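Q: Starting off with a structure, shown below.
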Amino acid sequence: MSTRRQFLQASTLLGALGSTAPGLLASPRSGKEARVVSTWDFGVGANQAAWNVLAGGGSALDAVEAGARWAESDLCNSTVGRCGYPDRDGVLSLDASIMAGDGRCGSVAALEDILHPISVARRVMEQTPHVMLVGEGARQFALQQGFPQQKLLTREADAAWREWLKTERYAPQINAERRGIPGDKDNHDTLGILAIDTNGQMAGACTTSGMAWKLRGRVGDSPIIGAGLYVDNEVGAATASGMGEEMIRNAASFLVVELMRQGRSPAEACQEAIQRVVRKRPEASRTLQVCFLAMNRNGEVGAYALHRGFVYAVCDSRKQDALLDSASVYASTQR
Ligand code: SD4
């Protein structure tokens, strides 16, 4: 959180350099430069974990899994992994998806008691003929695969839930914590991470505990291929953060990739997808946050959000810790 501002100047520099300047970590064979991008400020840490893989010659798929695992272990994040906030029954359940640029994909939804849903999603992709496992079936699969069972709800998350029970008010806030609303934690901050490796292969991952205080059994966009994440080596990749129902309604990450296929830049594609959200539900769009992040197969990056406050992290051979402000439809985060 605190690191955001100091990156902005560097971000401008990164933007000025553009994505076509020759990078240090480029394959002489493919001419492709490795790059990884992630949602929100904790994306800087996730990118660094992913970059360690890419810089060692690893694949985009291994990189995004490493980045997502970093976020799932992060002790400061109340919306991803072990420190996530629970549903209204006090149960923490996790959603995650992973996708390779050749169309392979896997996901888990409403997974309980397992620290790394992203790695379970990858096992679904690699060890089963299926794409998605949910709930108790996903948990049993994870245990069979050797993932340890852990009680994940932290003391802080449990205390926050007990506090919430006093009012049971359920009104998702836009960037609440960033706006400094006392006692209000952000209840949306999914990690979406996209990478391209030096072989030109792309991959993406998305991991979240979903909306705090959600109805038990509610599944957001993050584990739904095409909504929270979509990757196609022919075109590029997209991921989303914010109110998942809007992404599902608009098949949003797929939409962003298809718009890039039609010739839009990543930023233009994200902007048009956001405009769809606005056109479909103009009133609701004033009270919800929706954010898209995309990277095309040339490594060009773009983002767009409904409301100001969305930041995304970019990491490549020139700079590993750049953090950029996304453009948005609404300049103010007022509700
Ligand atoms: C969801 N998109 O479950 C997720 C939550 C989120 O930032 O926070 N995204 O709807």
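Q: Which whole-Hz couplings ³J(HN,Hα) result when phi for each residue of region 256-268 is put into the Karplus expression 6.51 cos²θ - 1.76 cosθ + 1.60, θ = phi - 60°, listed in order with x for Gly and Pro?
A: With coefficients 6.51, -1.76 and 1.60, one gets 4, 5, 5, 5, 5, 4, 7, x, 7, 6, x, 5, 5 Hz.
Q: Excluding same-chain residues fewer than 8 positions from LYS214, which aspartates and glutamates have a Cα within less than 13 Å of its Cα?
A: Straight-distance partners of LYS214: ASP87, ASP89, ASP95, GLU168, GLU245.
Q: Can you list residues whose amide H is under 5 Å from ASP189's amide H, if they're 5+ apart or on another chain and H is modeled 1.01 Å from N?
A: GLY242
Q: Provide, in order from the shortest bin, the percent of all Cα-Cα pairs of region 4-330 in each 20 Å bin, continuing until the bin that contains the maximum pair distance.
A: 36, 58, 5, 0
Q: Output wanted: per-residue J couplings in Hz (rounded whole) for region 141-146, from phi through Karplus 6.51 cos²θ - 1.76 cosθ + 1.60, θ = phi - 60°, x for Gly and Pro.
A: Running phi through 6.51 cos²θ - 1.76 cosθ + 1.60 with θ = phi - 60° gives 4, 4, 5, 4, 7, x Hz.
Q: Same structure again: List the lysines whose alpha-carbon lies under 18 Å from that of LYS32, not counting same-chain residues fewer than 8 positions away?
A: In chain and number order, the partners are LYS319.
Q: Still on this structure: Please list, in chain and number order, the residues 5+ apart from LEU152 or on another chain whose amide H is under 5 Å from its amide H, with Hs placed from the backbone.
A: ASP113
Q: If you don't mind, another one. Short version: ³J(HN,Hα) in whole Hz for each residue of region 304-319, in order, from phi by Karplus 6.51 cos²θ - 1.76 cosθ + 1.60 (θ = phi - 60°), x for Gly and Pro, what are they?
A: Coupling constants for region 304-319: 7, 9, 5, 10, 4, x, 7, 10, 9, 9, 10, 9, 8, 5, 7, 8 Hz.
Q: I would also like to ask the following. I want the local charge near ALA50. Using Cβ-Cβ distances under 15 Å, sum +1 for each Lys or Arg and -1 for each Asp or Glu among the other residues.
A: -4
Q: So which trypsin sites (Lys or Arg not before Pro) in region 193-291 pass both tests, a DSSP loop state and at most 16 other Cβ atoms within 10 Å of the Cβ?
A: In loop regions of region 193-291 (DSSP not H, G, I, E or B), the sparsely surrounded trypsin sites (Lys or Arg not before Pro) are ARG216, ARG286.
Read the figures in this text as sums done on the coordinates, not as results from a lab. This is a predicted model, so every value here is computed, not measured. All Cβ positions, glycine included, derive from the backbone under ideal geometry; neighbour counts span all protein chains shown.
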